[in-house]
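The values are calculated or read from the model by the stated rules, or taken from the named source; none is laboratory data. Small disclaimer: the values here were computed from a predicted structure and weren't measured. Note that we place each Cβ from the backbone using ideal geometry, even for glycine, and neighbour counts take in every protein chain shown. Surface areas here come from the heavy atoms of the whole protein model, side chains and all, with no ligands, DNA or RNA. Shrake-Rupley method; radii C 1.70, N 1.55, O 1.52, S 1.80 Å.
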Amino acid sequence: MANTADTIIIGGGVIGCAAAYYLAKRGASVIVLEKSDNIGDGGSSRNGGGVRQSGRDKRELPLAMYGIEHIWPTLSEELGMDIEYVKKGNLRLGKTEKHLEILSHLAEVGRSCGLDMRMIDGKEVRELNPYLSDEVIGASWCPTDGHANPLLTTLAFYRRARQLGARFITGEEVVKLRKIKGKARQAVTKDGVFEGEHIIVAAGYGSRAITNTVGVDIPMSKKLLEALVTEAEPQMFPQMLGTAEADFYGHQTKHGSFVFGGSSGLEGVNLDNHRHLATSSITAPCSCRGIRKYVPKLADAKIVRTWAGWEDACVDGVPVISFIPEVPGLIVACAFTGHGFGISPVVGKLLSEMVLDGKPSIDLSALRYDRFHAKI
């Protein structure tokens with residue numbers, strides 16, 4: 001009976017921890033199985049901390065908007081830990097007319113969904129953030145976006161879920177799912193079997209191999225992203241920054257360090273060399289060249305460390321958050337394509353509703369697994 005719970009969650013990242021918290025909060029028994037020896041060892045601890053609505057696909061934008069309006073503002077108080085949430089806007093910067101075309105389209109998409117987002121010129125950009133280069137000729141501006149600390153957010157959900165009775169088991173790799181009488185009932189690990197009425201698979205790219213064991217394939221690939229953190233600098237600006245072509249993004253943390261993420265376009269050349277998420281000698285220098293162009297004041301900032309992480313990139317760019325009709329009892333939440341942290345609290349809440357109420361309170365039909373089925 002020790003290996004039995006109402007819900008088995010596979011994946012101890014921020015999504016799994018959030019789902020565990022919201023389920024335990026409503027009295028459900030939960031077991032979370034994490035392959036790594038550490039909670040949040042995947043993308044949850046290797047992201048830029050953006051809590052944004054701007055630049056999102058229409059299909060996932062309602063989740064981001066709900067989370068920012070109803071969950072993020074009081075989450076530190078609810079979880080009993082300062083997660084360093086800052087709601088001071090997002091500037092996506094442009095330096096060319098082509099950049100402005102890209103940003104204008106993103107702003108139109110946001111506005112069509114009711115988001116407060118608009119284009120601003122270079123003068124207004126520097127009124128909001130005087131540290132930005134004169135090369136910036138415009139930006140999209142979303143004042144309700146922000147950022148938070150992904151490590152602390154994951155830890156806060158984990159700690160509070162445990163306090164409410166959720167059980168977390170690390171170093172427990174799930175090798176397959178097992179159906180009983182046609183229903184997903186068991187998660188089989190290298191060391192045991194765990195059984196529940198519902199199984200949630202929220203294991204990032206690792207979800208694909210797990211769901212394959214019951215004939216379900218999520219069309220996603222893994223993409224390497226790298227990030228860097230600087231020494232503490234005097235407080236300069238509170239906004240989350242990004243660029244039109246998403247070559248880098250980042251923000252200044254509460255204690256002064258800057259966290260920037262990005263890519264060079266060459267990270268996938270030899271993925272075999274990145275099995276252990278070692279950083280390359282390519283990406284950080286590439287990101288730094290861009291950062292210095294946009295924020296000249298940071299030209300002499302010292303990098304403390306760099307790190308790498310896997311993005312579980314879905315073929316159509318948005319996540320799969322779905323019941324699996326072919327396998328009753330199975331719910332998947334993966335393929336977040338680098339957008340997962342900002343919507344993690346609302347996704348955790350919706351997953352708990354799918355288990356306990358039979359349906360989520362926000363329409364997830366556009367994120368269903370069956371959108372990949374052949375149309376006949």
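Annotations
- Within the stretch 133-143, being touching a Leu at 6+ places or on another chain (Cβ under 8 Å) and either open to solvent by 10 Å² or more (accessible area, probe 1.4 Å) or not in a loop (DSSP other than H, G, I, E, B) (or both) holds for 137, 138, 139, 140, 141, 142.
- Every pair of residues 6+ apart whose Cβ atoms lie under 6 Å, when the first sits in the stretch 320-347 and is within 19 Å of residue 263 (Cα to Cα) while the second is in a loop (DSSP other than H, G, I, E, B) and open to solvent by less than 10 Å² (accessible area, probe 1.4 Å): 335/218; 335/319; 336/319
- Scope the stretch 88-129; condition part of a loop (DSSP other than H, G, I, E, B) and either on the phi > 0 side of the Ramachandran plot or without any contact (Cβ under 8 Å) to a residue 40 or more places away in the chain (or both); matching residues: 89, 114, 116
- Cβ-Cβ distances below 9 Å connect the following pairs, each with a first residue in the stretch 246-260 that is touching a residue at least 60 places away in the same chain (Cβ under 8 Å) and over 14 Å from residue 52 (Cβ atoms), a second residue that is assigned to a loop (DSSP other than H, G, I, E, B) and hydroxyl-bearing (Ser, Thr, Tyr), and a separation of six or more residues or different chains: 259/253.
- So residue 359, is it assigned to a loop (DSSP other than H, G, I, E, B) and modelled with pLDDT under 95: no
- Residue match in the stretch 343-351 (condition: assigned to a loop (DSSP other than H, G, I, E, B) and either farther than 30 Å from residue 137 by Cβ or open to solvent by 20 Å² or more (accessible area, probe 1.4 Å) (or both)): no
- Listed by first and then second residue, the pairs with beta-carbon distance under 6 Å, at least 6 apart or on different chains, first residue in the stretch 354-376 and open to solvent by 50 Å² or more (accessible area, probe 1.4 Å), second among the basic types (Lys, Arg), are 356/26.
- Residue match in the stretch 71-81 (condition: loosely packed, with under 13 Cβ neighbours inside 10 Å and in contact (Cβ under 8 Å) with a residue 40 or more places away in the chain): yes
- Among the residues of the stretch 144-173, the ones that are surrounded by 16 or more Cβ atoms within 10 Å (Cβ to Cβ) and either of a type in the set (A, V, I, L, M, F, W, C) or more than 30 Å from residue 20 (Cβ to Cβ) (or both) come to 10 in all.
- The lone criterion from (1) touching a residue at least 60 places away in the same chain (Cβ under 8 Å); (2) buried (at least 16 other Cβ atoms within 10 Å of the Cβ); (3) out of contact with any Phe, Trp or Tyr (no Cβ under 6 Å at 6 or more places or on another chain) left unmet by residue 85 is number (3).
Table: residues versus (1) of a type outside the set (A, V, I, L, M); (2) in contact (Cβ under 8 Å) with a residue 40 or more places away in the chain; (3) under 23 Å from residue 351 (Cβ atoms).
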position: 131; (1), (2), (3): yes, yes, no
position: 147; (1), (2), (3): yes, yes, no
position: 157; (1), (2), (3): yes, yes, yes
position: 164; (1), (2), (3): no, yes, yes
position: 168; (1), (2), (3): yes, yes, yes
position: 189; (1), (2), (3): yes, yes, yes
position: 194; (1), (2), (3): yes, yes, yes
position: 198; (1), (2), (3): yes, yes, yes
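- From 10, 68, residue being under 23 Å from residue 119 (Cα atoms) and aliphatic (A, V, I, L, M): 68
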